[in-house]
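J.: Please see the structure below; I have some questions.
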Amino acid sequence: METELQIVRSVLVRVPTKYHNPDNEKALALACAAENKPVTVLNVIDAYSRLRDSGQLVENAPENHAPETVKEFLYPILRYRDVAANEQMLIAASAAPVTLESVREAFSRIKHQLATNNDYAEAYRTFFQKYPEYAVEANMAVLDDLHHGEDITAQTLEELLENPNVIRQLAVTAEASNQQADEHELNAIIAEIVGNLKTQIDGRGRKLCTDASGRHLVDYKTEVERIQSLGLEDLRALLADRTERRRLRSLSKEELHQVVKSNSSAWPSRYEPIPSQYIVPGKDIGINWSFQLLKRLPTPEQKRLLRIFGEAQINAACAAGRN
């Protein structure tokens, strides 16, 4: 029983002194028991509100209750409570007599002038430093409410993040939101590219695939790791190239010739117009462009062609020359 009374007293010290007496201590403990609730800070606060509003609490002799009334009003407002300057400002700004209603009216007028509790500010500073994605002003009101009047520390704030329901109530910064969107896009592109790699098993039981550019037969695991290591911009470019090659392959020869013709003036000026056939270096021999031809060319020759004509022209020419 003594332990329960200690909990009750820890609540009563926060309310006006007119309620500080043994009768009210017992009444609050009994009010919890009457509802089959344990005597905890939250349950005592609830019982206090009910008994106070129904006039069941015993009041001490009249005295100046302004400081206690202001303390009572500020108790659930964690940002501003336990700051002497705030209490004095609210008393001065409240109409006489100082009541909860007059303090509430004064608070709405001078809230912007009140100082933030140092412990409260330090708790959020530490918390936001560790979790910068949640450094949004609106989140402080949500997290404050979830403390139900109990003191805020960096640890209590962090513990709330263990609850998925709390996470769903919190906003994230614009930067964090953009990062999440980029990460989602990156994973989606990787999944699409890797999922469309053409695989085969060679004579030695190794899993191979055509690389993401569609030119070489490579080790599947190595190619997947390479794709996963790419940044978002490189992945976007790779996906766009694969999409364009698929589009070109779906066109008829006549449509492809028209694409090459209509776009011939649109290639970047640093590239030369691609000839109608591949010219074998050192020989006056022309071979129709095709993706099979491109795959058979040595890597240095592929790089030379890319440097001279650009990937877009080469893809269009190979697609147009397929047979």
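J.: For segment 143-177, how many residues are of a type outside the set (Ser, Thr, Tyr), free of Cβ contacts under 8 Å to residues at least 40 places away in the same chain, surrounded by 14 or more Cβ atoms within 10 Å (Cβ to Cβ) and not in a helix (DSSP H, G or I)?
T.: Residues meeting the conditions: 5.
J.: Same structure, new question: Which residue pairs have Cβ atoms closer than 9 Å, lie 6 or more positions apart in sequence or on different chains, and pair a first residue in segment 21-33 that is over 10 Å from Leu57 (Cα atoms) with a second residue that is hydrophobic (A, V, I, L, M, F, W, C) and loosely packed, with under 15 Cβ neighbours inside 10 Å?
T.: As it stands, the answer is Ala29/Met1, since those pairs meet every condition given.
J.: Can we say Pro76 is modelled with pLDDT under 90, within 18 Å of Asp53 (Cα to Cα) and assigned to a loop (DSSP other than H, G, I, E, B)?
T.: yes
J.: Right, here's the next one. Lys37 versus (1) at pLDDT 90 or above; (2) closer than 29 Å to Met140 by Cβ: which is the lone unmet condition?
T.: With respect to (1) at pLDDT 90 or above; (2) closer than 29 Å to Met140 by Cβ, Lys37 is out only on (2).
J.: Do the conditions hold for Thr116, that is, is it farther than 23 Å from Val11 by Cα, modelled with pLDDT of 90 or more and of a type in the set (Val, Ile, Thr)?
T.: Values: farther than 23 Å from Val11 by Cα: no; modelled with pLDDT of 90 or more: yes; of a type in the set (Val, Ile, Thr): yes.
Criteria not met by Thr116.
J.: Could you identify the single residue in Leu90, Leu5, Leu30 that is assigned to a helix (DSSP H, G or I) and within 29 Å of Ala141 (Cα to Cα)?
T.: Details: Leu5 fails: within 29 Å of Ala141 (Cα to Cα); Leu30 fails: within 29 Å of Ala141 (Cα to Cα).
So the residue among Leu90, Leu5, Leu30 that is assigned to a helix (DSSP H, G or I) and within 29 Å of Ala141 (Cα to Cα) is Leu90.
J.: Does Leu160 fit the bill of being modelled with pLDDT of 90 or more and under 27 Å from Asp82 (Cβ atoms)?
T.: Numbers: modelled with pLDDT of 90 or more: yes; under 27 Å from Asp82 (Cβ atoms): yes.
Yes: the conditions hold for Leu160.
J.: Could you please let me know if Arg14 is outside the structural domain of Glu150 (by TED's automatic domain parsing), within 21 Å of Gly149 (Cβ to Cβ) and in contact (Cβ under 8 Å) with a residue 60 or more places away in the chain? Give the derivation first.
T.: Numbers: outside the structural domain of Glu150 (by TED's automatic domain parsing): yes; within 21 Å of Gly149 (Cβ to Cβ): yes; in contact (Cβ under 8 Å) with a residue 60 or more places away in the chain: yes.
Yes: the conditions hold for Arg14.
J.: May I pose another question? Within segment 80-88, can one find any residue that is surrounded by fewer than 15 Cβ atoms within 10 Å (Cβ to Cβ) and among the aliphatic types (A, V, I, L, M)?
T.: Just the residues of segment 80-88 that are surrounded by fewer than 15 Cβ atoms within 10 Å (Cβ to Cβ), to begin with: 84-85, 88.
Of the ones still in play, those that are also among the aliphatic types (A, V, I, L, M) are 84-85.
Yes, the conditions are met somewhere in segment 80-88.
J.: Could you figure out which of (1) under 27 Å from Thr17 (Cα atoms); (2) in contact (Cβ under 8 Å) with a residue 60 or more places away in the chain isn't true of Met140?
T.: That leaves (1) as the condition not met.
The values are calculated or read from the model by the stated rules, or taken from the named source; none is laboratory data. Keep in mind that this is a model prediction, so the values were computed, not measured. Note that we place each Cβ from the backbone using ideal geometry, even for glycine, and neighbour counts take in every protein chain shown.
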